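The values are calculated or read from the model by the stated rules, or taken from the named source; none is laboratory data. Every value quoted in this text rests on a predicted model; they were computed, and no experiment measured them. In this analysis, Cβ positions are derived from the backbone assuming ideal geometry, glycine residues included, and neighbour counts consider all displayed protein chains. For the accessible areas, the whole protein counts, side chains as well, though only heavy atoms, and no ligand, DNA or RNA atoms are used. Shrake-Rupley method; radii C 1.70, N 1.55, O 1.52, S 1.80 Å.
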2 protein chains.
Amino acid sequence: MIQIVIAEDQRILRGALGTLLDFEEDFKVVGEAENGEKALEIINRLQPDICLLDIEMPIMSGLEVAARLYEIGASTKVIILTTFARPGYFERAIKAKVHGYLLKDGSIHDLAAAIRNVMKGKREFAAELIMNSYHEDNPLSEREREVLQLAANGKTGKEIGAELYLSAGTVRNYMSEILQKVEAKNKVEAIAICREKGWL
Amino acid sequence: MIQIVIAEDQRILRGALGTLLDFEEDFKVVGEAENGEKALEIINRLQPDICLLDIEMPIMSGLEVAARLYEIGASTKVIILTTFARPGYFERAIKAKVHGYLLKDGSIHDLAAAIRNVMKGKREFAAELIMNSYHEDNPLSEREREVLQLAANGKTGKEIGAELYLSAGTVRNYMSEILQKVEAKNKVEAIAICREKGWL
DNA sequence: CATTTCAAATGACATTTGTCACCCCTTTCC
DNA sequence: GGAAAGGGGTGACAAATGTCATTTGAAATG
C-alpha cells in the first residue's frame, strides 16, 4: 500500500485528488495540507511513501518544502504537481532532488501511473519541462534572491537590512547588482522580470 | 437527473471534478471543455441543466461565456467556479445573471449541494464575496489604477507620464495619493497590496 | 605562503520617489 | 453668479534608491 500526503491550497482540487487517489486499491491518502508549513509537519509525523506538493502555497512554497525535506534526508519521495512549467521552478526542484515534477494538465490516470513509477525508483518529469529547460540560468545568488524577495513585499532597504543583518548600504549594493544582472532599470521591473522567469 | 457541463482549463481538476460529480446518483456529467469557446459550443449543442465555468481560460473567459449565454437567453444555469474572489469579476458575473459564484476552496460536497440548490431555483454565492465586495471597495480612481498598473510593469514616473500624456510631476502626485489610499509606504508595497485585493 | 575570490561595508554622488502647498481650468450645483 | 469639487500642473524639499570606487577580512586556490 503506497501512503500518500497531498499538499495543495485549492481545497476543491485537494479534496478531489484525495478522494480519487484513495479509490486506487494500492494507494492510501494518509494526510492533506493546505500550506507548506503544515505539509512539512504532517510528512515528518507520518513518514508517507510519497508526497504531492503544489508550488504556490501560502506560508511556505512547495519548493521550500522539497528543499527542506532534502536537507533533513527524509525518506519520503517528493512529486511536485503544479500549473507552472517555469524553468526556474524546475531548476530549483531538481536541486532539491525531487522524484517527479508533473503539470496539472495531465490526467489523474497519468498521475497515478507516475506515482507507481516513482515508487519503483524511477523519476517522472512532464515532457513540456524538458523542452522548455533551455533554462536561462538564474543569475541571482542566494543572498540576492532573498533581498529581492523581501523588496517584493514592499520592504524598504533599511527594513531588509534589519531582517538579514546587513547594513542598508549593502542591501543597496545587492539591489544594484540585481538590476544589472536582470537588466532592469529599477526595483519594480526587476521584481516583474524575476517573477516571470520563476527566479523569485 | 441533472445534466452538467464542466469548463475548466486545468485538466487534472476538470477530470477529477467530472469523475466525482458523476458519482452522485442524481448528476450526469455530459460534457467537458478546456476553454471558453468550446464550452459555448458544447452548451449550445447539449443544452445541459447546469454549466460550471472557470473564469481564467484560454481563448474566451468564463465571464465572457456567461455574458454570451445570457445574451442569447440560454436555459442552462451558469455557476462560476474560480480561485478569485475579485470584486471586479463578481460584478461582471452578477451582470451576466449567473446562478452561482463559488470559490475553488470550498469542498466538493459544498459544490454538489450548491448545484442542487441552483436547480431548485436558488442562487448560490460564496460568503467571502459578499464580504469583500461591500467592505473592500476599490478606493482607486480609474486614472490611479492606470498609473499603478504601468508602475507595476517597472515603468518609471517619466515613462508613465509619456504614456498617459501627463507630466512626471502629476504621476508622482497620483502615486502619492495611491500610497495614502492603500496605506502603503512605497510603490512596491502598493503594488503588492493591490494585486492581493484584486484592485489591479 | 601568496593570490584570488568573495561577502560585506563605507562614503560620495546623482536620480528618483514621496510629500506638500498652491495654481489653473472646467464642471457642477445651490 | 459664486462656491465647491475635481482633474491636471508646478516647484520645493526630504528621503529613498541606484551607481561606483574602494576597503576589509575571511575563505579558497594555487
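Please go through region A:28-37 and give me each residue that is within 14 Å of chain B (Cβ to nearest Cβ) and open to solvent by less than 50 Å² (accessible area, probe 1.4 Å), ordered by number.
The answer is A:VAL29, A:ALA33, A:ASN35.
Residues that are within 13 Å of chain B (Cβ to nearest Cβ) and under 27 Å from A:LYS77 (Cβ atoms): which helices (runs of 4 or more DSSP H) entirely in region A:121-200 hold 1 or more of them?
Ranges flagged: A:127-132.
Looking only at residues that are within 11 Å of DNA strand C (Cβ to nearest atom) and over 19 Å from B:ALA152 (Cα atoms) in region A:142-161, which one is most open to solvent (accessible area, probe 1.4 Å)?
Checked region A:142-161; the qualifying residue most open to solvent (accessible area, probe 1.4 Å) is A:GLU142.
Which number in (1) open to solvent by less than 10 Å² (accessible area, probe 1.4 Å); (2) more than 27 Å from B:LEU81 (Cα to Cα) marks the one condition that A:LEU17 misses?
(2)
I need every pair where a residue in region B:97-111 that is facing another protein chain (nearest Cβ under 8 Å) has its Cβ under 6 Å from the Cβ of a residue that is of a type in the set (Ser, Thr, Tyr) and assigned to a loop (DSSP other than H, G, I, E, B), sequence separation at least 6 or different chains.
Within 6 Å, the pairs are B:LYS104/B:THR83.
Cβ contacts < 6 Å: first residue touching a residue at least 12 places away in the same chain (Cβ under 8 Å), restricted to region A:174-195; second residue assigned to a helix (DSSP H, G or I) and within 11 Å of DNA strand C (Cβ to nearest atom), any location; separation 6+ or different chain. Result?
Close Cβ pairs (under 6 Å, with a partner that is assigned to a helix (DSSP H, G or I) and within 11 Å of DNA strand C (Cβ to nearest atom)) amount to A:TYR174/A:GLU144; A:TYR174/A:VAL147; A:ILE178/A:GLU144.
Taking the conditions exactly as written (aliphatic (A, V, I, L, M), more than 10 Å from every other protein chain (Cβ to nearest Cβ), touching a residue at least 24 places away in the same chain (Cβ under 8 Å) and open to solvent by 30 Å² or more (accessible area, probe 1.4 Å)), does B:LEU40 satisfy them or not? Break it down into steps so the answer makes sense when it comes.
Numbers: aliphatic (A, V, I, L, M): yes; more than 10 Å from every other protein chain (Cβ to nearest Cβ): yes; touching a residue at least 24 places away in the same chain (Cβ under 8 Å): yes; open to solvent by 30 Å² or more (accessible area, probe 1.4 Å): no.
So B:LEU40 fails the test.
For region B:165-200, which residues satisfy the criterion of being exposed (fewer than 15 other Cβ atoms within 10 Å of the Cβ), at negative phi and more than 10 Å from DNA strand C (Cβ to nearest atom)?
B:SER167, B:ARG195, B:GLU196, listed by residue number.
Do we find a residue being touching a residue at least 12 places away in the same chain (Cβ under 8 Å), over 22 Å from A:ASP9 (Cα atoms) and of a type in the set (Ser, Thr, Tyr) anywhere in region B:77-96?
Step one: list which residues in region B:77-96 are touching a residue at least 12 places away in the same chain (Cβ under 8 Å), which gives B:77-93, B:95-96.
Next, only the ones that are over 22 Å from A:ASP9 (Cα atoms) stay: B:77-78, B:88, B:91-93, B:95-96.
Now drop any that are not of a type in the set (Ser, Thr, Tyr), which leaves none.
Within region B:77-96, not a single residue is touching a residue at least 12 places away in the same chain (Cβ under 8 Å), over 22 Å from A:ASP9 (Cα atoms) and of a type in the set (Ser, Thr, Tyr).
Would you check which residues across region A:12-39 are touching a helix residue (DSSP H, G or I) at 6+ places or on another chain (Cβ under 9 Å) and among the charged types (D, E, K, R) and list them?
Once the filter is applied, which keeps residues that are touching a helix residue (DSSP H, G or I) at 6+ places or on another chain (Cβ under 9 Å) and among the charged types (D, E, K, R), region A:12-39 yields A:GLU24, A:ASP26, A:LYS28, A:GLU32, A:GLU34, A:GLU37.
Which of (1) buried (at least 17 other Cβ atoms within 10 Å of the Cβ); (2) over 11 Å from the mean Cα position of the chain (by Cα); (3) more than 17 Å from B:LEU40 (Cα to Cα) is the odd one out, the single condition B:ALA96 does not satisfy?
If we test B:ALA96 against (1) buried (at least 17 other Cβ atoms within 10 Å of the Cβ); (2) over 11 Å from the mean Cα position of the chain (by Cα); (3) more than 17 Å from B:LEU40 (Cα to Cα), just (3) comes out false.
Going by the conditions given, is A:GLY88 away from chain B (no Cβ under 14 Å), open to solvent by less than 30 Å² (accessible area, probe 1.4 Å) and out of contact with any strand residue (DSSP E or B) (no Cβ under 9 Å at 6 or more places or on another chain)? Break it down stepwise before answering.
Values: away from chain B (no Cβ under 14 Å): yes; open to solvent by less than 30 Å² (accessible area, probe 1.4 Å): yes; out of contact with any strand residue (DSSP E or B) (no Cβ under 9 Å at 6 or more places or on another chain): yes.
It is true that A:GLY88 is away from chain B (no Cβ under 14 Å), open to solvent by less than 30 Å² (accessible area, probe 1.4 Å) and out of contact with any strand residue (DSSP E or B) (no Cβ under 9 Å at 6 or more places or on another chain).
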